[in-house]
Amino acid sequence: MRVVTVSTSKSASRSRLSPDQRRAQLLDLGVRLLATRSLDELSIDLFAEEAGISRGLLYHYFGNKHAFHEAVVRRAADDLISQTAPPVDGDPLHRLTVSMTAYLDYVESNHEGYLSLVKGAAGGNETMRAIYDEARAALTDRIFREDAQAEIIPDTPTTRLVVRGWSAMVEDLVLSWVADPAGVSRDELLAIMIASLPALVEALA
């Protein structure tokens, strides 16, 4: 995750930023704060204090608390998609390994924020559900791109259903492991995550 330092003084650096740049900087800080606290704990007062700005300025950039939370979660979801992208080169299993390792890294580093998104989606929050679904679709659809995992995962309605189920399983495995490893090593967890997908597809043959 990108780390951002927001000035707490009325410095000239703030005036050099365009409104879009300043908003992006604030979102970066919001994502960093969300990594270690739930969305409910990311209050306007806390954020304004950390950013060194007034509540009024925060409302100027985001409108209200809900819009601010939505913007932060969307930025976090974009970071997840970007950081877990498979490399351009390498065989399919290597690419899958790199992507799954990055996914585990992300959830470990941003556990509270990611958990807030999952719980928000499951709890009926339509905005969180939409962001969650978009992120999940991006993570699973890339498996069927011709330049990604298509060599081992054929693109059929059946395999898409299996990949969706596998993705949900991986998410549950990772969240459960981060909460309590229960004697399972990180390497063992990754091996399960990586080997299970081709194994499930092979079982369809």
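In the set (1) under 25 Å from Ile143 (Cβ atoms); (2) buried (at least 20 other Cβ atoms within 10 Å of the Cβ); (3) at pLDDT 90 or above, the condition left unmet by Asp78 is number (2). One residue alone among Asp45, Asp40 is within 21 Å of Ala130 (Cα to Cα), exposed (fewer than 14 other Cβ atoms within 10 Å of the Cβ) and not β-branched (Val, Ile, Thr), and that residue is Asp40.
What about Arg95, is it modelled with pLDDT under 90 and either over 21 Å from Lys119 (Cα atoms) or in contact with a helix residue (DSSP H, G or I) (Cβ under 6 Å, 6 or more places away or on another chain) (or both)? Lay out the reasoning, then the answer.
Values: modelled with pLDDT under 90: yes; either over 21 Å from Lys119 (Cα atoms) or in contact with a helix residue (DSSP H, G or I) (Cβ under 6 Å, 6 or more places away or on another chain) (or both): yes.
In short, yes.
Test Leu33 against the stated conditions and say whether it is at pLDDT 90 or above, within 26 Å of Asp133 (Cβ to Cβ), surrounded by 12 or more Cβ atoms within 10 Å (Cβ to Cβ) and within 22 Å of the chain's Cα centre (by Cα). So Leu33 fits the description; yes.
On the given criteria, is Arg22 out of contact with any His (no Cβ under 9 Å at 6 or more places or on another chain), open to solvent by less than 20 Å² (accessible area, probe 1.4 Å) and at pLDDT below 90? For Arg22, the condition - out of contact with any His (no Cβ under 9 Å at 6 or more places or on another chain), open to solvent by less than 20 Å² (accessible area, probe 1.4 Å) and at pLDDT below 90 - is met.
Of the numbered criteria (1) under 25 Å from Leu33 (Cα atoms); (2) at pLDDT 90 or above, the one Ala195 fails is (1).
Annotation note: Cβ proximity below 9 Å between a residue of region 145-172 that is over 29 Å from Glu108 (Cβ atoms) and a residue that is at pLDDT 95 or above (sequence gap 6+ or interchain) occurs for no pair. Taken over region 152-186, residues that are of a type in the set (Gly, Ala, Ser) and closer than 22 Å to Ile81 by Cβ amount to 3.
The values are calculated or read from the model by the stated rules, or taken from the named source; none is laboratory data. Note that this is a predicted model, so its numbers are computed, not measured. Cβ: placed from backbone, ideal geometry, glycine included. Neighbour counts: every protein chain shown. Side chains are part of the model used for accessible areas, which takes the heavy atoms of the whole protein and leaves out ligands, DNA and RNA. Shrake-Rupley method; radii C 1.70, N 1.55, O 1.52, S 1.80 Å.
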